Amino acid sequence: MSGPIDLHAHSSVSDGTETPAELVGAAVVAGLDVIAITDHDSTAGWGQAFDAARGTGITVLPGLELSTQLQYASVHVLGYLVDPANAALVAATAEIREERLHRAERMVERIVKDYPKLSWDDVMAQTTPGATVGRPHIADALVARGYVTDRSAAFQSILHWQGGYYQPHEAPAPVVGVRLIAEAGGVPVIAHPGARGPERLLDDARLTQLVDAGLFGLEANHRDNIQGSPEKWARTARRFGLVITGSSDYHGEGKPNRLAENTTGRDVYEQIVEHGTGAVPFRG
Ligand code: AMP
Ligand code: FE
Ligand code: FE
Ligand code: ZN
């Protein structure tokens, strides 16, 4: 196998627009050799993704993207090959999903004051049962009501963190998130470390702490790494003995990110597979 390896993608189990099966189908069409399913704070899509991969030749790397919070910044930690039944991880992700739901309610309460046609039911109508709720679902509800044209327009206005309606949500500290993933047999990688927010907080002292907690890599190649270049994050990774990954962060329609726009080297993928003990990749 020699196709591209893309280690970060979302399905409708969180805020992607395609079901896990459709996501795997899109990855097959894109010619990927490996696709990781990394829904926010959930592993619920793994089974469907595996079923869809069967017989196609693609490999599904199961993972999640754990929400963590450091001061004002939300830091996302990818966790590959975690044991999906690990009690501490199951409890933490359930709590984060609950916090996200309340946070979405708080945002909608504020938004409806200025956009009265919007309702909480509109937002729920945009989610699949049990999904990890986020701003993209509020965006879809705003689109359905005709207030904005698409998700990106919503994120640039009403849902922007400085848009006047933004609310943060509770989540564990990054060091706690990294430890949770590592203790669940998983491989922790900081997602888009150079996205607005995390960048200034991920200094050498913090990275040392995260490495001590079990951090394995940095997602240096990602379109949101606008603070500091991919090269800078790659150098940082090397200084700390971390692997360098690259991924699309595909969310289906609604976000411009395309599958395989950034990819991960086969050697790194193999190191991840070797390091993870909580689950195994599904070779379809
Ligand atoms: P939240 O986690 O609820 O604060 O919402 C942020 C999430 O929205 C991130 O996972 C983004 O990847 C996702 N997202 C989906 N579509 C877009 C978009 N068009 N612009 C910005 N973020 C988006
Ligand atoms: Fe997302
Ligand atoms: Fe993310
Ligand atoms: Zn993501």
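The values are calculated or read from the model by the stated rules, or taken from the named source; none is laboratory data. Being a predicted model, the structure only gives us computed values, none of them experimental. As a convention, Cβ positions derive from the backbone with ideal geometry for all residues, glycine included, and neighbour counts pool all protein chains shown. Accessible surface areas use protein heavy atoms only, side chains included; no ligands, DNA or RNA. Shrake-Rupley method; radii C 1.70, N 1.55, O 1.52, S 1.80 Å.
Quick notes on this one:
- Exclusive hit being open to solvent by less than 10 Å² (accessible area, probe 1.4 Å) and more than 14 Å from ligand 3 (Cβ to nearest atom), set 207, 218: 207
- Under the condition of being within 16 Å of ligand 2 (Cβ to nearest atom) and either in a strand (DSSP E or B) or at positive phi (or both), the residues counted in segment 192-226 number 3.
- Flag if residue 167 is in a loop (DSSP other than H, G, I, E, B) and touching a residue at least 60 places away in the same chain (Cβ under 8 Å): yes
- Some residue of segment 50-63 being assigned to a strand (DSSP E or B) and within 14 Å of ligand 3 (Cβ to nearest atom): yes
- Taking first residues from segment 180-199 that are outside the structural domain of residue 248 (by TED's automatic domain parsing) and more than 14 Å from residue 215 (Cα to Cα) and partners that are within 13 Å of ligand 4 (Cβ to nearest atom) and open to solvent by 10 Å² or more (accessible area, probe 1.4 Å), no Cβ contact under 6 Å between residues at least 6 apart in sequence or on separate chains turns up.
- The single condition among (1) surrounded by 22 or more Cβ atoms within 10 Å (Cβ to Cβ); (2) within 15 Å of ligand 2 (Cβ to nearest atom); (3) of a type outside the set (S, T, N, Q) that residue 161 does not meet is (1).
- Residue list for segment 55-80, restricted to those being open to solvent by 10 Å² or more (accessible area, probe 1.4 Å), under 14 Å from residue 281 (Cβ atoms) and touching a strand residue (DSSP E or B) at 6+ places or on another chain (Cβ under 8 Å): 59
- Sole exception among (1) within 17 Å of the chain's Cα centre (by Cα); (2) open to solvent by 10 Å² or more (accessible area, probe 1.4 Å); (3) at pLDDT 95 or above; (4) more than 18 Å from residue 137 (Cα to Cα) for residue 86, by number: (1)
- Filtering 255, 232 for residues that are within 16 Å of ligand 4 (Cβ to nearest atom), in the same structural domain as residue 267 (by TED's automatic domain parsing) and open to solvent by 10 Å² or more (accessible area, probe 1.4 Å) leaves a single hit, 255.
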